Structure formats: C-alpha cells, structure tokens
Amino acid sequence: MRKQGTLGQPSAGSKNLWGNAGLALLKGGAGWFTGSQALLADAFRSATDLARDYASSVSQQRQIKQDQRRPADLKSRQAGGDQAFTLVISLLLLIVGIEICISAVRFTADGIVEAPHGAAMIVITAAWLLKILFFPEKGRAAAEMYVSAVVLLGTFTAWLGGQLDVSMLLYGDPAAAFAVGAAVAWNGYRQLAGGLASSRASGLAKTDEAELSAAVQRMDGVIAIGSLSAWEQGHYVAVEVTISVNPRITVQEGHEIARRVREHLLKRFIHLSEVQVHVDPYDGGYPYKSNHDPNEEHIPTLLQ
C-alpha cells in the first residue's frame, strides 16, 4: 500500500521533490537578477538534488509495484534498468558540477564588473531555512548547512568588496560557485564509481560462478565441489565454496588445500573481497579421484 500522509496528503518523498524544485527555481531566479554566480551554482545543485531524489523515488515505486511472483529473470532486468537509471543521474551530477566550475573560471577570466546585489544573501538564508524547516532530508542537513554557508560567505565577501571598492573581494562570489560545482562533481563521481563497481560485482556474482567452479576444480587436491555461492558485498563479491578432498589425508593437509584454493581465487579474480573455503571428505567410493596424479593410490596424500 502506498505510503501517504493523513487524509491523502502527499508522502515525504513527494514533498521533497516539490521542495527541491521550488528552491531551484527560487535560487536560479534570484541568482540571475542579483548577479550572484554562487547563488546560480547553488540553484543547479538543488536541481541535481531534485534529479537524484526523482531517481530514488522512481526506483522505490518500481520496487513497491514489483510482483513477488514475477519470474527471477524479469526481476533481474528490472533491477538492471534501475541501476542504469541511477548511473545516468550520477553522470549528470558529474557533468553539471564540472560545468559549474568551468563557468566560474570563465566568469573570473572575463573580468568582474560589479558585485552581486545584497538581496542575494537574503535569498540564500531564506532558502536554507525553508529547506531545513519544511523539506528536511535525513542525512543531508549538515551538508546543506555547509554548502549554504559557503555560498553565503562568498556572496557576502563579493558584496562587501563592492561596498568598500576592494576588487579582490569581488572574487569571493565566483570562488564560492567553483566550490559548489566541485562538491556536485565529487558527489557525482563517487556515485558513478560506486555504481559501476557494484554493477561489475553483481555481474560477477551472477555470471561467473561457472568460471569460479572451474578454477577451484583445477586446484591440486580438490576432488569435487560440494557447493559454491557468490554474493555482492559492497562494491565487491564474496564467495563461499565447499570442496571435497581425499579422506585419507590429514586435517592439516586439508586445511592447506583450502588455503591454496582461497589464495588462488583472490589472486585471479580481483573483484573478490572474501573467499571462504570449507573442506569435506570425499565419499564417492574408491578409487579416489585426483586431478594431478593418476597413481595417487601409491602416495599417502594428495599434496605435492
């Protein structure tokens, strides 16, 4: 059942979407009319917050509507589509952040004619208060405060430079815009890198189990594989495998085979974060199979 407020009020996620949209328009209009590059950059940041929240909202809605009886392959395709959408949003954040930085540098290189109007500082403060009081987002309050403080400081510095006729202070406004752009680009880069790593890990977990099994089976001392499973662990993949060894060898020799299997997998598959190897005695009947010595009945163990 869709989460809504009392008497059909919109959900918190919907309110945040509309709130970010309104704040982006407010900051953008005020930045244009007051001549504040920092406020314009903050408007683009609010717009990227809107895009990110929209992507999250779409993903949640699809998850809610997803039928639990739907076949696994369709669920996988749905998850893949959501992941691709998130990667596109992350790339958008990176591009917008870089463009903000370039614009700030160009503005500075072209020469600053006048300081921003003092009304820009009022809009910055009002927008921050509106965001905190009416459209709070869990986990983002501190970041919102820091960015707003940077924008306010840059705008105030440039406004003060205009009042005191100190040209060096005028660069505070584009410097703040550059800082906002760098923050947006950094967030986009982190999300993009994390999404790509997660995608690679997911693909390995789903498609490379056969290759993992083959690599384990080729190890000296491994007679058979009882089970093998791989799952995502952050941006990497963890593997758990149960191998069967000759029951005539000692426990220490069995542990040595497991150690070699673990080290081999970690070295060969760079996306593996952890490998757990369990050892069971092989009970398939005599003669015990070996993958490296056809005359193993003449030696006490499978270790070389």
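Quick notes
- Label-to-label distance, Met168 versus Phe134, with points set 7 angstrom from Cα along the beta-carbon direction: 4.1 nm.
- Value in Å of the Kirkwood radius, where the stretch 123-188 supplies the Cα pairs that are averaged: 12.7
- Paramagnetic reach from Phe33 in the stretch 116-130 [backbone N under 12 Å; point 7 Å along Cα→Cβ]: 119-120, 123
Rule-based calculations on the coordinates, nothing more; no lab input. Just so we're clear, the structure is a prediction, and the values are computed from it rather than from any experiment. Methodologically, a virtual Cβ is constructed for each residue, glycine included, from the backbone with ideal geometry; neighbour enumeration extends over all protein chains shown.
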